[in-house]
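The values are calculated or read from the model by the stated rules, or taken from the named source; none is laboratory data. Note that this is a predicted model, so its numbers are computed, not measured. Reconstructed Cβ throughout: ideal geometry from the backbone, glycine too, with neighbour counts over all protein chains shown. What goes into the accessible areas is simple: the full protein's heavy atoms, side chains included, and nothing from ligands, DNA or RNA. Shrake-Rupley method; radii C 1.70, N 1.55, O 1.52, S 1.80 Å.
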Amino acid sequence: KGGIAGVLLMTREYVDSTGKVVTGQKAMDAAFAESSVIQEKLKKDALGTAASYTELVQAFQSSVGPATKAGIKDLDDVREITVMATQAMAALGIPTAQAAQELRGLFAGDMGPDNRLNQVLGVTKADLNAVAGDADAVAKLFKDRLAPAASVAASRTETLTVRMSNLG
């Protein structure tokens with residue numbers, strides 16, 4: 001919980017019921033509560049992917065900052081894109097250990113030699129500029145590009161070996 005909550009504290013602003021920005025312990029409590037919800041969702045997500053729960057948590061943690069910078073505000077969108085990206089990476093034979101680099105490159109529109117996933121998906125800086133300022137459009141751009149490869153990978157996770165590896 002602490003890792004995700006820490007990232008959330010650094011990248012998000014929490015407000016109380018009156019709209020006032022909270023800091024200190026109240027912000028920390030809000031980040032931990034949000035982190036718990038995300039972690040439960042990632043546990044369920046791990047059952048349908050080749051990535052383990054731990055790998056998804058690490059990928060999510062490395063996605064929040066770059067995704068926020070790209071304009072994605074909803075954490076469920078960040079989580080869904082992260083899961084789809086790890087599925088696409090599996091389909092393309094990219095090790096999940098490279099998820100942080102691959103996701104940073106994807107969210108930045110970087111197709112350099114260290115960003116194999118985005119070399120295939122082709123999300124450019126121009127694409128990101130075209131949807132800048134519209135969080136839903138930014139999320140849709142990534143989901144649309146990731147969907148075909150994620151679908152292929154998801155179909156390969158229906159084996160007992162994959163399911164058992166993700167339970168542990």
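Side notes on the structure shown:
- Residue list for the stretch 22-68, restricted to those being over 13 Å from the mean Cα position of the chain (by Cα) and of a type in the set (Lys, Arg): Lys26, Lys43, Lys44
- Filtering the stretch 3-17 to residues that are under 17 Å from the mean Cα position of the chain (by Cα) and either part of a loop (DSSP other than H, G, I, E, B) or more than 15 Å from Ala59 (Cα to Cα) (or both) leaves Leu9, Met10, Thr11, Arg12.
- Considering residues of the stretch 14-32 that are within 20 Å of Leu75 (Cβ to Cβ) and of a type in the set (Gly, Ala, Ser) only, the residue surrounded by the most Cβ atoms within 10 Å (Cβ to Cβ): Ala31
- Any chance Gly93 is surrounded by fewer than 18 Cβ atoms within 10 Å (Cβ to Cβ) and without any contact (Cβ under 8 Å) to a residue 24 or more places away in the chain: yes
- Answer from Ile94, Ile81, Ile72 - the residue that is part of a loop (DSSP other than H, G, I, E, B), modelled with pLDDT of 95 or more and over 21 Å from Gly2 (Cβ atoms): Ile72
- Residue that is farthest from Arg79 (Cα to Cα), among those in the stretch 1-10 that are open to solvent by 50 Å² or more (accessible area, probe 1.4 Å) and in contact with a helix residue (DSSP H, G or I) (Cβ under 6 Å, 6 or more places away or on another chain): Leu9
- Flag: Thr49 matches the condition of being crowded, with 19+ Cβ neighbours inside 10 Å and not in a helix (DSSP H, G or I).
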